Structures are given as C-alpha cells and as structure tokens.
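This report concerns only the one structure given below.
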Amino acid sequence: MDKSSALEYINQMFPTEASLSGVEPLMQQIQSEIRRVDDSILAAVRRQSNSGTKAKEDLAAATHAVQELMHKIHEIKTKAEQSETMVQEICRDIKKLDFAKRHITTTITALHRLTMLVSAVEQLQVMASKRQYKEAAAQLEAVNQLCSHFEAYRDVPKIAELREKFKNIKKILKSHVFSDFSSLGTGKETEEANLLQQLSDACLVVDALEPSVREELVKNFCNKELTSYRQIFEGAELAKLDKTERRYAWIKRRLRTNEDIWNIFPSAWHVDYLLCIQFCKLTRMQLVDILNSLKEKPDVGTLLLALQRTLEFEEELADKFGGNTTSRERDFGSDEEADETKNKNQIVSDIRKKYEKKLAMHNGGIEPDKNKDSSVPDAGFNFHGIISSCFEPHLAIYVELEEKTLMEHLEKLVQEETWETEEGSQTNILSSSMQVFLIIRRSLKRCSALTKNQTLFNLFEVFQKILKAYATKLYAKLPKAGIGIVAAATGMDVQIKMSDRDERMICYIVNTAEYCHKTSGELAENVSKVIESQYADKVDMSEVQDEYSAVITKALLTLVQGIETKFDAEMVAMTRVPWASLESVGDQSEYVNGINSILTSSIPTLGSLLSPTYFQFFLDKLAASLGPRFYLNIYKCKHISETGAQQMLLDTQAVKTILLDIPTLGKQSTVAAGYSKFVNREMSKAEALLKVILSPLDSVANTYRALLPEGTPLEFQRILELKGLKKADQQNILDDFNKHSPGINHPSIPPSVVVPSQPDSAVVPQTIIAAAATTTASIGTAVSGAISSREDVLTRAAALGRGAATTGFKRFLALTEAAKDRKDGAFRKLFNP
C-alpha cells in the first residue's frame, strides 16, 4: 500500500477513539504472523541447501558409472579382436583347400565343354556338307550355347580356332540355304516333292543364325517376287492410271496362288506382310511417276476411281494384317437424310478408331513408328495412306469439280425458290437453305471417304464460298430503297415500298439466315472432327457467320424502313391538319387511325414469324425511328392553336398507346420491359413540346427550360412561331430567354436510340449491336441535317398562319398539369406548400 492507502485502512479499522482499545490485540496478531512467515522462510532455505548437496552427490555417482561402462566396452572389443584373429588362423588351411577344389572343378567342367564343343563343331560340319538342315538347326543352338561359355577365353589359340571354324560353317550353311531358296518359284518345287520340306527345315537354320540373315533372306525373296511386278507394270501398256486396279488384283492373286509356298516360312516371319509393305512402297513410287508424267490434268473420274480402289486395297490390308474389322464406308451418296446422318456418324467413328496413330511422311515414303518392330503386324504400321497419300497433290481438279457442281446446284435452288415456306411448316425457313446444306453434307461425305488432309480443307474453303454466295443471294433479294416524292416531302432519305408478301419474305430471310448461321457452325465442328489434326485449328466459319449476321441486320432494318415508308402519308397528313382553326378537342385524328391501321395489319404477321430476339430488335428500331420522327413532325406543322395543341397532345397519347400495345399485338409477351420505358421516354419529348406550346406567353420560356432542358434557342424560336407570334413580339421573349440561358448550346434534338439488350441467340450479338450503332449515327446525322437547314424552313413557316395566341384558363390548366408531372423545375414551386 502507499501512504494514503495505509492511512485510509487505519482510519477504517479505528474510526473512533473507543475503537483504539483494539490496537494492542491487532499488534500481537501482526507480530505472530511475522514470526510464522520467518519460520517458513528459514525452513525453505534449509531444504534448498540440503537438496543442492544431494544433487552433487548423484552427479558424481552417475559420472563414475559411465566410466565403468566405457571400460567394460573396451574390454569386450579387445576380446572380440582376439577371437577374430584366432578364427582366421584356424581357417587359413581350410580356405586354401576350398580354392583348390573350386579351380579343379572349373577346369574339369571347361575341359568337358571343350570336348563337347569340338565334337559338336565336327558334327555340324558334316551336317552342313550333307544339307541336313533340321539336325543342323538343333546343333547350331547347342554350339551357340557352348561358345557362350568360352567367351572369356577368346584369346586362347584352341578356342579361337574353333570359333573361326564355327564361323566358316555358318557361312557355308547360309550359302547353301540361299542357294536352295533361289530355286523357289522356278517350278522345281513341283518336280521335287521334298524340296518344300527341305526349305522349311532351312528356315529353322536361318532362325538359328543371326537375325540379319533372316532379314536378308526375306528381302531377297520379296524382291524376287516383285521382279515380275516391275516388269509387267512398268511397261507402257499398264503404266497408266486407269490400270491401277489391276495392280492390286495382281498381288491378291499372287498371295492366293502361292499360299502353299508361304507355308514353308514360319508364321513369326510374316513374309506375306512384309511383301505387301514392299509392294505398297513400290506401287506408290510408280503411281507418283505416272501422275507427275501426265502432260494434262487427269480425268476426274479416272483419278477418283483409282483413289477409291487404292483406299479399298489399303483397308483390306489393314483388316488382314492389323486385325481391324471395321470396314471403310463405301457408300458415296444417299437420297435420304436419315441414312446420310447415320453414315456420317459411322465415318467419324471409323476415323477415331483407325487414325489414332498418324501416318508419318519422310522423303516421300511411309515409315512406321521407330520405337516398334515393323516386321510384325501389331507393331503399329499403318497401311492407311501408304499408297493413297500420293494422290493428295493431284486432287485439286476434284475440288474444282465439286465447287462447280455445288455452285450449279445453288443457282438452281435459288431460281426454283418460291420465297414462301411450305404450308404447315413449323420452321418458317426457306427450303433452299436446307437443300444447300444437304448437298454440302453429301459433298463432305464423299470427300472424307477419300481423304482427310489438304483436299478436305480445300473443299471446306469451297463450302465457305458457297455459303457466302447464298448469303449474297439472300441479301440481294431484300427490297431495295428508292427516293420518292413523298420521301422528299417528309424529309426521309430513302423510301422502301413493301407489300404484305415482302414483309413475310423478309421474315423468312431472317429465319433462314439464323438457320444458316447456326448450321454453318455445326458444319465446321463436324469437319474439324473428321479432318486431320494439323488442319483442325484452321477450320473456322466465323466469316460466313458474320455474313449471315449482316443479312439478318440488313433484313430487320429494311423491315423497319418499309414500315416507316408506310407512315410517310400519315406524317404528311399530320402536317396538313388545320391545327390553328380547330374549334374543339375530339377523338383521335385520322392520321393516328392510319398509323394504327398500318401497325395492326403488319405487326401480327411479323410477331408470328420472327423469334422473340429479332422481334425485340425490330420494335426497338421502330420506336427509335417513329418517336423522334413524330417529334420533328410537330415542328413541320404550321400555326398550332391552343385547341390544336390539346388535340395534338391527345393524338400523341394515342400514338404512345399504340406503340406500347405492339408486343401484345404481335403476341410476343417476352419482349423486354425496357421497350416500354424507351417508348415512354421518346414520346414524352413530343408531349413536353406540346405542353410548352400550351403554356402562357409570360411563362413560356420558363416552361421550355423546365420541360425541354436540352432545347436550343432556334427550337424555342420555332415554338414561338408555332404559337403564332410575330417577329416583333418574339424578340422580347427571345432576349429574355437568352439572358436567363446564356450557356445553352445543346445539339438539335438528337434522337435517342436504345440498342437492344444482348439477346440469347448467338446470331445477333456483335453484328446487330454494331448495326444499331451505325443506324443510330445515321438517324442522328439525318436529323441534325434537317435541323441545320431549318432556317429556310422557319423563314417559309413565318409567313404561314400565325393566329394570335390567347391566354385562357384551359392553357393555364395544361401548364399546371405539366408542372405536376415534374419533380423539379421553375413551376414546381406553385404546388409546394
């Protein structure tokens, strides 16, 4: 405790004088506690002293015990060394005797084997001289084993002599065997009954000799067999492309007629297999020479027939020697699409099974995998392409023929196209598009059955040309734009007149282009699965798909322009209504009924034919065009009285309602909610403009700034003219407007175009959005051009009826209603409490 705490404690213990009587007992209690604590400390010190002494004693005892242990270990080690020395002295003599026994045994065994080797070599020499191949084969194995035991004694003269003698005997056996085999195929085998058996025994001798002897024998035999083939098919008569099939018939006949001769060879030699490989390589070389020596392009039919027969022969060899039981698809055409799809899937399945190991090309020849033995069928040698690959550089004429045929089919299909769908069709797609892909699939099937290399890729590029040409045909079929009198009067740059049939045709073109976009991508996937891997990455249909996306965009924009053209007469009728002389507000005007009639006749058909994605795009474009156009059309009217402005406001509401009802009219309930917001925003500009026209003169500037904050002084001047003010009367209002709005410098009513949200379909994404941006820019340019030349328009309009404006109670109500709709602005304070 600190000093203050101690004082507080004492005061707490003895608060009064009477309590001081307890001081003495407390002091005694404290003294007793001090003595107890001192005793405890003293006892603890004594215990610590005793424990330290005992620890030193225990440490000394442990050190002594360790020293005694080390001494005992040293004594044990010394005794062990002494024991080892004693054992070595005892076993010294026994070890010498053991070595002596081992050497004697080895010597006896070596002498015995040497005797056997001398005897075996002499017997083998006798057998070789008598051509006893069967016995000599067994004896060769025995001599080879005995020689292996004397490999370490090669420098001993006797052993070297025996090895040289054995080597000479093997040379003699080799010469005898090759001499006997030289008579094979000369007819002696039919005269001498035991010749085939003797040659069969000779094969045993060849197996006992070095592997190179067997390879040399088989090679000589194959060359001898193919000598007659060279002589026959290198002549001028048969060295032709159309005689290719006879080459394969020759080797098949040779294998079949000499089947008895092949039986003399052991099955492990695979002589017929190696003969076929040599035949294929030789045939390939000869066909390359024939193809290169042609002065003119070969006939396509002859070339394809030779290639087909070659592929069939390679397939037979693969089945015979490779254990491949799957036959190549040979059906080159089917009129039924279901059979065609089944066959195409079968071809793809065959490719995955047969072409797991690719054909290796080296110096114009075919080589098997170097890590495997090509002398056996299962070593991985691939017969597919061993001959047929030589046709690849010469198949350009085939691709040219396919391109010509496909283009002729395309022209015929387009000429026969009715541009209407079949009755009861659920796809709303032109039949010519399905026929185009049908003939393309047939062409792909024919080519993939012949080759999967460069030729197939070249044909794929032809498919791209065909599909692009078809896209061009669709594009050209769209109605063309022209400039008419009505278009010039309404300020429209172009005019597209369309009938109901034209509208349906455009919808069919849109659906067809979408089908082609999707199917072309699937075609590219199928080709990439079929074609060789080095070309698969180059297979791409993005350019073709872009072409069809452009067709879709152009068709939809054409459709919008066609509907716009139908509105031309109604827009002109709107400007001809005597707005200045209307006496009362009635039902909606006739031009509104005309707009409603146009949409009612067209929208249901378009909604039933177009997909939701494209119908949404069409609606966005239509609203983006009609809204700003209606707004600009108000400026083209002459003087608008108060009653006329109210009637026009009623018409504007009716037009907005018509636009909002379009999705329901087209039976497209999935149209995005953004469309309604977009229509409301576009039409609200026209409503705001009319509310400004309805406002009193003394507040028209404030109302204009409140409802049209992006407006320009030029537009404000035109509004004053619409209200019927003279030039002199306008000046004061314009000066006041410019004084309160010195910084206004906005662009002239740029129409807002909402780019449709990203559709689910893969057809629209980038191209349509880009087209929307382009269309937006073009509309903005047209509108800006119209506004920039508005000075002339205003000059002419100034002379047109400028009735005096009155400030009646109805106008004040219209102004207050307009102010209620806004959350801020100059007139909102009228309604604040």
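Of Lys465/Lys566; Lys518/Lys656; Lys656/Lys739; Lys412/Lys554, which pairs sit farther than 30 Å apart, going by alpha carbon to alpha carbon?
Lys465/Lys566; Lys518/Lys656; Lys656/Lys739
Rounded to the nearest 0.05, what FRET efficiency do Val572 and Arg501 give with R0 = 22 Å and r taken as the Cβ-Cβ distance? Could you check? Write down the numbers at each step before the final one.
On the way: r = 26 Å, r/R0 = 1.16.
That pair, Val572 with Arg501, gives E of 0.30.
Probe radius 1.4 Å, ligands and nucleic acids left out: which of Ile104, Ile662 has the largest accessible area, and how do the rest follow? Could you put the intermediate results ahead of the total?
On the way: Ile104 100, Ile662 0 Å².
Ranked list, largest accessible area first: Ile104, Ile662.
Please give the peptides 112-121, 548-557, 25-34, 597-606 ranked by average Cβ packing (other Cβ atoms within 10 Å per residue), highest first, as a rough proxy for protection.
Highest to lowest by the protection proxy: 548-557, 597-606, 112-121, 25-34.
At 7 Å along Cα-to-Cβ for each site, give me the label-to-label distance between Ser228 and Thr105 in nm.
So the two model labels end up 6.3 nm from each other.
Using only Cα atoms, locate the centre of segment 518-540 and the centre of segment 79-149, then give the distance between them in Å, rounded to an integer.
Using only Cα atoms, the two centres lie 70 Å from each other.
Convert each backbone phi in segment 257-274 into a coupling constant with the Karplus relation 6.51 cos²θ - 1.76 cosθ + 1.60 (shift: θ = phi - 60°), then list the ³J(HN,Hα) values in order as whole Hz, x for Gly and Pro.
Per-residue couplings from phi come out as 6, 9, 4, 5, 5, 5, 5, 6, 7, x, 4, 5, 6, 6, 5, 5, 5, 5 Hz.
Output ³J(HN,Hα) for segment 687-695: one whole-Hz value per residue in order, computed from phi by the Karplus curve 6.51 cos²θ - 1.76 cosθ + 1.60 with θ = phi - 60°, and x for Gly and Pro.
Calculated HN-Hα couplings, in order: 5, 5, 4, 5, 5, 5, 4, 7, 6 Hz.
In whole angstrom, note down how far apart the Cα centers of segment 610-650 and segment 285-321 are.
71 Å
Holding the Cα-Cα limit at 30 Å, pick out from Lys497/Lys636; Lys636/Lys727; Lys297/Lys477 the pairs that are longer than that. Walk me through the numbers before you get to the answer.
Working: Lys497/Lys636 23 Å; Lys636/Lys727 18 Å; Lys297/Lys477 39 Å.
Pairs exceeding 30 Å: Lys297/Lys477.
May I ask which residue of Ser49, Phe166, His103 lies farthest towards the positive end of the charge dipole of segment 27-181, with charges of +1 (Lys, Arg) and -1 (Asp, Glu) on Cβ and the Cα centre as origin?
In segment 27-181, that residue is Phe166.
Leaving ligands, DNA and RNA out of it, work out the accessible area of Asp155 with a 1.4 Å probe and give it in Å² to the nearest 10.
The value for Asp155 is about 150 Å².
Suppose R0 equals 25 Å. What FRET efficiency, 1/(1 + (r/R0)^6) with r the Cβ-Cβ distance, do Asp242 and Lys465 give to the nearest 0.05?
Plugging the Cβ-Cβ distance into 1/(1 + (r/R0)^6) gives 0.20.
Given a Förster radius of 25 Å and the C-beta distance between Asp260 and Lys130 as r, what FRET efficiency does 1/(1 + (r/R0)^6) yield to the nearest 0.05?
In this case the efficiency is close to 0.45.
What pairs in Lys219/Lys252; Lys320/Lys445; Lys621/Lys723 have C-alpha atoms more than 30 Å from each other?
Violating the 30 Å Cα-Cα cut-off are Lys621/Lys723.
Given a 1.4 Å probe and the protein chains all in place, what does the accessible area of Lys529 round to, in Å² to the nearest 10?
Here the accessible area works out near 110 Å².
Measure out, as a whole number of angstrom, how far apart the alpha-carbon centroids of segment 1-76 and segment 379-413 sit.
That distance is 109 Å.
Using a simple spin-label model with points 7 Å from Cα along the Cα→Cβ vector, what separation in nm is obtained for Asp537 and Leu438?
3.8 nm
What is the extension gain from Val66 to Ala396, computed as 0.36 nm multiplied by their sequence separation minus the C-alpha to C-alpha distance, in nm to one decimal? Provide the component values of the computation, followed by the final result.
Values: separation 330, 0.36 × 330 = 118.80 nm, distance 9.82 nm.
Residue separation times 0.36 nm, minus the Cα-Cα distance, leaves 109.0 nm.
Roughly how many Å² of Tyr704 are accessible to a 1.4 Å probe, to the nearest 10?
0 Å²
Let me check I've understood the local charge: for Gly594, count other residues with C-beta under 15 angstrom from its C-beta, Lys and Arg +1, Asp and Glu -1. What total comes out?
-3
The values are calculated or read from the model by the stated rules, or taken from the named source; none is laboratory data. Model, not experiment: these values are computed from the prediction. Reconstructed Cβ throughout: ideal geometry from the backbone, glycine too, with neighbour counts over all protein chains shown. Note: accessible area is taken over every heavy atom of the protein model, side chains too, but ligands, DNA and RNA are not part of it. Shrake-Rupley method; radii C 1.70, N 1.55, O 1.52, S 1.80 Å.
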